[in-house]
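Chemist: Have a look at the structure that comes next, please.
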């Protein structure tokens with residue numbers, strides 16, 4: 001453990017910390033996505049849930065819990081965002097015939113159209129953002145590995 005500038009850290013410089021770097025890059029990526037989606041009137045989380053719902057819709061009724069699990073979003077926040085999307089006519093929430101306590105969520109035609117416009121914007125933004133990487137596919141594999149590590153349990157590894 002080093003003690004640089006009064007901070008007891010395992011790293012000699014902040015730029016050696018993968019967590020700190022991930023934090024910085026994530027914030028910059030989110031800012032880029034916010035700017036890209038703003039003309040479409042969508043927040044990034046609205047886009048993620050709308051696109052995820054559009055993706056999942058071919059697999060039968062989708063409930064809020066399934067959507068939250070798929071998108072890795074908080075269930076309460078998912079419910080709030082879905083209400084906002086419903087108010088805009090982008091999704092519909094109806095009683096789920098298979099579970100009286102759950103809501104069946106469907107994307108409307110307008111929602112599907114917007115999701116398809118937005119995916120182009122998001123993927124173009126990603127393309128520009130990740131362009132400096134020499135091996136984007138390898139980076140994606142590394143992210144998938146991290147995601148699968150945390151999918152096994154809700155707690156981070158020790």
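The values are calculated or read from the model by the stated rules, or taken from the named source; none is laboratory data. Computed from a prediction, not measured in an experiment: that's the story for all the values here. Every residue, glycine among them, receives a Cβ derived from its backbone with ideal geometry; neighbour counts consider all protein chains shown.
Chemist: Pick out the one residue from 150, 130 that is within 26 Å of residue 46 (Cβ to Cβ), surrounded by 11 or more Cβ atoms within 10 Å (Cβ to Cβ) and modelled with pLDDT under 95.
Modeler: Of the residues listed, the single one that is within 26 Å of residue 46 (Cβ to Cβ), surrounded by 11 or more Cβ atoms within 10 Å (Cβ to Cβ) and modelled with pLDDT under 95 is 150.
Chemist: Mind checking whether some residue in the stretch 45-55 is under 30 Å from residue 130 (Cα atoms), without any contact (Cβ under 8 Å) to a residue 24 or more places away in the chain and surrounded by fewer than 11 Cβ atoms within 10 Å (Cβ to Cβ)?
Modeler: no
Chemist: OK, next. Tell me, yes or no, whether the stretch 76-97 has at least one residue that is part of a helix (DSSP H, G or I) and closer than 22 Å to residue 148 by Cα.
Modeler: Among the residues of the stretch 76-97, at least one is part of a helix (DSSP H, G or I) and closer than 22 Å to residue 148 by Cα, which makes the answer yes.
Chemist: Can you say whether residue 39 is over 22 Å from residue 133 (Cβ atoms) and either touching a residue at least 40 places away in the same chain (Cβ under 8 Å) or exposed (fewer than 15 other Cβ atoms within 10 Å of the Cβ) (or both), as far as the supplied structure shows?
Modeler: yes
Chemist: Could you tell me whether residue 94 is in contact with a strand residue (DSSP E or B) (Cβ under 9 Å, 6 or more places away or on another chain) and in contact (Cβ under 8 Å) with a residue 12 or more places away in the chain?
Modeler: So residue 94 fits the description; yes.
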